[in-house]
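Asks: Here it is, the structure in full.
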Amino acid sequence: MKALEGKVAIVTGASRGIGRAIALAYAEAGAALALAARSKQDLEETAHLAAPHGRRALVIPTDVSAVGEVEALVARTRKDLGGLDILVNNAGVAKVAPLAETAVEDWRWMLETNLSAVFYGCRAVAPHLIAQQRGKVINVASVLGAVGLPGYAIYSAAKGGVIALTRTLGVEWARHGIQVNALAPGWVATDMTHAAFADTRISERLTRDIPMRRVGRAEEIGPLAVYLASAASDFMTGQTIFLDGGHSAA
Ligand code: NAP
C-alpha cells in the first residue's frame, strides 16, 4: 500500500520548483491532486509529469493572495475529487532589498502571498477537515524564518509568521485529529534562487552558511512532504522541520 493511497491533496505553487516536486512525490505515493498556481500552462506541465503515476491531477489556476480564489479552489477540489485530506501551502515569493529601500507595496505583496495565503488556505479547509475529524496541513516555511540574512527582512518576517501560525494551529486543531506541520527548506535550486546562485560571489557567500556546502534539489523536499502528509506522522503536530544542509543548526 502506498503512503498516500486514496488521499486527495491540494498543492499550491505546484507550477514549478518545490511545489512541483512535492506534487510529483504525492502522485507517486498514490494521492489524487489539485494543482494550484497562477500559470495554467506550467500547471498543465506538472499534471503531464504526474500522469504516469495514474492518479487524477486537476489543474486549478489560483492566485493564493485572493481569498475568494482560495475558497473556490477548496470547493472545486472537494466536488471534483470527492473529498480533501491534505493541504500543502507552498506558493511563495521573494524579493531581496535592504529594508530601508523597500516599498510598502512590496511588504504587502510578500506578506499576502507568503503568510496571508496560508491563513486563507487553512481557513478554507477548516470546516471540512474539522467535520471529518481528520486531515493534514503542511506549510512551507524557510530557514530564513529562523536565521537572519540582510536583504530578507520582509520574507523572513512572513516565514517566521508561517512557523508561528503552524505551531499554534497545530495545538488548536489537535483535538480535531488534524495535524499541522511545516517544512523549512534551506537554499534550494529553483527559479526563486536562480539569480543569486548564478552570481559566483553571492553563491559563495550563501554557500558558506551551509555546513554541507551545497544547495538542495527540489526533489529532496518531496519525501519529507510525503511523510508529513502520511499516517507515519500522525503523532506530530505544530512542528517545523528544517531541511537545509545544516544551515539552521550552525
Ligand atoms: P519558485 O520556483 O519561484 O515557485 C514559486 C511557486 O509559487 C510557483 O509555482 C508560483 O506559481 C507560485 N506562486 C507565486 N505567487 C503566487 C500566487 N500569488 N498565487 C499562486 N501561486 C503563486 O519558488 P520555490 O523555490 O519552488 O518556492 C516554493 C516555496 O518554498 C516558497 O514558499 C518559498 O518561499 C519556499 N522556499 C524556497 C527556498 C529556495 O531556496 N528555493 C528556500 C526556502 C523556502 P505561479 O507563478 O505560476 O503563480
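Asks: Is the range 95-239 rounded, prolate or oblate when judged by the Cα gyration tensor, a ≥ b ≥ c being the square roots of its eigenvalues, rounded requiring a/c under 1.5 and prolate requiring a/b larger than b/c?
Replies: oblate
Asks: While we're here: If neighbour count is taken as other Cβ atoms inside 10 Å, put Thr77, Thr207, Thr168 in order from fewest to most.
Replies: Neighbour counts put them in this order, fewest first: Thr168, Thr207, Thr77.
Asks: Which whole-number percentage describes the relative contact order of the chain, with Cα contacts under 8 Å and a sequence gap of 6 or more?
Replies: 20 percent
Asks: Exposure proxy check: Asp42, Asp85 ranked by fewest other beta carbons within 10 Å?
Replies: Least to most surrounded, the residues fall as Asp42, Asp85.
Asks: If you don't mind, there's one more thing I want to ask. For Cα pairs less than 8 Å apart in space and 6+ apart in sequence, what is the mean separation divided by the residue count of the range 42-114, i.e. the relative contact order in percent?
Replies: Reported as a whole number, the value is 23 percent.
Asks: Given H placed 1.01 Å from N in the peptide plane, which residues other than close sequence neighbours of Gly135 have an amide H under 5 Å from its amide H?
Replies: Gln179
Asks: Let me ask another. At a 10 Å Cβ-Cβ cut-off, how would you order Leu49, Leu4, fewest neighbours first?
Replies: Leu49, Leu4
Asks: For Lys95, give me every one of the lysines with a C-alpha distance below 17 angstrom, ignoring sequence neighbours fewer than eight places off in its own chain.
Replies: Hits, sequence-local ones excluded: Lys159.
Asks: Each label point is 7 Å from the Cα along the Cα-to-Cβ direction; what then is the distance between the points at Arg76 and Lys40, in nm?
Replies: So the label points at Arg76 and Lys40 sit 0.9 nm apart.
Asks: Let me ask you something else. Mean Kyte-Doolittle of at least -0.5 and a Cα length of 27 Å or more along the axis: which whole DSSP H helices of the chain meet both?
Replies: Flagged H segments are 153-172.
Asks: To the nearest 20 Debye, how big is the dipole of the chain about its Cα centre, given +1 on the beta carbon of each Lys and Arg and -1 on that of each Asp and Glu?
Replies: 400 debye
Asks: So if I take the centroid of the Cα atoms in the range 9-63 and the same for the range 74-139, what is the distance between those two points in Å?
Replies: After rounding, the separation between the Cα centres reads 16 Å.
Values quoted throughout were computed directly from the atomic coordinates according to the rules given, and no laboratory measurement underlies them. All figures in this text were calculated on a predicted structure; none of them were measured in a lab. All Cβ positions, even for glycine, are placed from backbone atoms using ideal geometry, and neighbour counts span all protein chains on display.
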